[in-house]
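Comments concern the structure below.
Every number here is computed from the coordinates shown, using simple stated rules; none is lab data. Note that the structure is a prediction, hence the values are computed from the model and not measured. Backbone-built Cβ (ideal geometry, glycine too); neighbour counts: all protein chains shown.
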Amino acid sequence: MPSIKSKVEPEFWRNKKVFITGHTGFKGTWLSLWLHSLGAEVTGYALEPPSEPNLYNSCSMNQLISSYINDVRDLKSLASAIMQTSPDIVFHLAAQPLVRESYKDPVATYETNMMGTVHVLEAVRTAVLSGSPVRAVINVTSDKCYENKEWIWSYREIDRLGGSDPYSGSKAAAEIITDSYRQAFFYPGSPAGTVAVASARAGNVIGGGDWSRDRLVPDSIAAFLQNKPVHIRNPKAVRPWQHVLEPLSGYLLLAQRLWESGSGSAYARGWNFGPDENDAVPVEELVSRLCAIWGEGASCVVEEDAAHVHEAHYLRLDSSLSRHELGWAPRWDLQTALHRTVNWAKAFQLQQDMREVCLQDIQAYMKGGPSA
């Protein structure tokens, strides 16, 4: 493999044209802002922001980037947007991202997460055949793409894909779709063989600006802001918690390597970006830590007798491949991630400039070492 620096390089991203699906969402907004701060020319394609309030509007992102408001299920519109913008790199984040919502609307979940992936890859293929300069595509899926055996060991990229709920199943399918497109259309020597395609699987991300329903940390922050107790559904469930900037740094580093090495390299594959082993903790412990950091007015209760949909109990990621082959590693431990999340929420409560708060987090992450 070529010798490429194992960190996010501002000079690499300066003036790069980047296309992001799902840019109005939580992770999409953080990624868009980070790329803009690096000097990239960012174009987003997504539905309207998914909640109110939301990070996208809190950061006034429409002042910084170009934006198409549309659905990834609309292939014609998506293909037209990619043709018009001629991006160098594509990040596919648009998704129906919630397990519980997938039980309520499985059809939309499968349509968005599976066919949305097909549409992005097909739009890129069509654009490249017409002369588009796209050289790297990263499809962001989920740690839940693995067949969960409820064991204590961490899942590796070679473990079997699967899903016992519509969301998990749709993400496993998105991984298979990505791999099949890579082998069928994006291989060296093929008409679209200039494009390197990879997928990225991250843990349960937390951080400022996530207002999604039925997600533990956003629900907790919303409760704290209203001086109400947090209701915990699955107190013993173990998840790989990490600050949102952790996997995003992995996506950026992976894109750099895909760009440099091309479609035939070992980087064109699936990658895990998870936290250190010690930061995969039970839900109840996470909320207890969050309450302690927040301080007065923060409390939680366990819903012992509530009926719940099935969700995995144990879930951990093995990121050895990313560490060894990409040179990626987590910088902020769970306690740091929780502090950053609480600080963001309190700044929001005080009506501070949230774009500036986010940029301060990004700069601190880029400058600091582990647990900065």
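Taking Cα atoms only, the orientation of helix 245-261 departs from the longest principal axis of the chain by about 10 degrees. Maximal additional length on extending the Glu111-Leu47 stretch stands at 21.6 nm, based on 0.36 nm per residue less the C-alpha distance. Database remark: amide H of Cys300 closer than 5 angstrom to the amide H of Val230 (H placed geometrically; neighbours at sequence offset of 5 or more, or on other chains; Pro and chain starts carry no H).
For the chain, the longest principal axis of the C-alpha atoms and the axis of helix 75-85 are separated by about 70°. Maximal additional length on extending the Arg73-Ser130 stretch stands at 18.3 nm, based on 0.36 nm per residue less the C-alpha distance. Selection among Ala196, Pro97, Ala364 by position relative to the dipole of the chain gives Ala196 as farthest towards the positive end (Cβ unit charges, Cα centre). Basic side chains Lys and Arg get +1 at the Cβ, acidic Asp and Glu get -1 at the Cβ, and with that the dipole of the chain about its Cα centre reaches some 820 debye.
Annotation: for a label point projected 7 angstrom from Cα along Cα→Cβ of Ala184, residues of region 98-119 with backbone N closer than 15 Å are 114-119.
Comparing Ala172, Ala136, Ala223 in a Gaussian network model of the chain, where Cα atoms under 10 Å apart are tied by springs, the biggest mean-square fluctuation is seen for Ala223.
Neighbours of Met366 by Cβ distance under 11 Å: Lys/Arg scored +1, Asp/Glu scored -1, total +1. The length gained by stretching the chain between Ala266 and Gln226 to full extension, at 0.36 nm per residue less their Cα-Cα distance, is 9.5 nm.
Rounded to the nearest 5, what % of the DSSP beta bridges within region 13-366 are antiparallel ones?
On the way: 4 of 38 bridges.
If I count the DSSP bridges inside region 13-366, around 10 percent turn out antiparallel.
For region 333-347 versus region 148-201, the inter-centroid distance based on Cα atoms is 32 Å.
Think of region 13-366 as having a plus end and a minus end, set by charges on the Cβ of Lys, Arg, Asp and Glu; of Leu161, Ala237, Tyr181, Tyr181 sits farthest toward the positive end of this dipole. For the chain, the longest principal axis of the alpha carbon atoms and the long axis of helix 216-225 meet at an angle near 50°. The distance between label points at Leu350 and Lys367 comes to 1.9 nm (points 7 Å beyond Cα on the Cα→Cβ vector).
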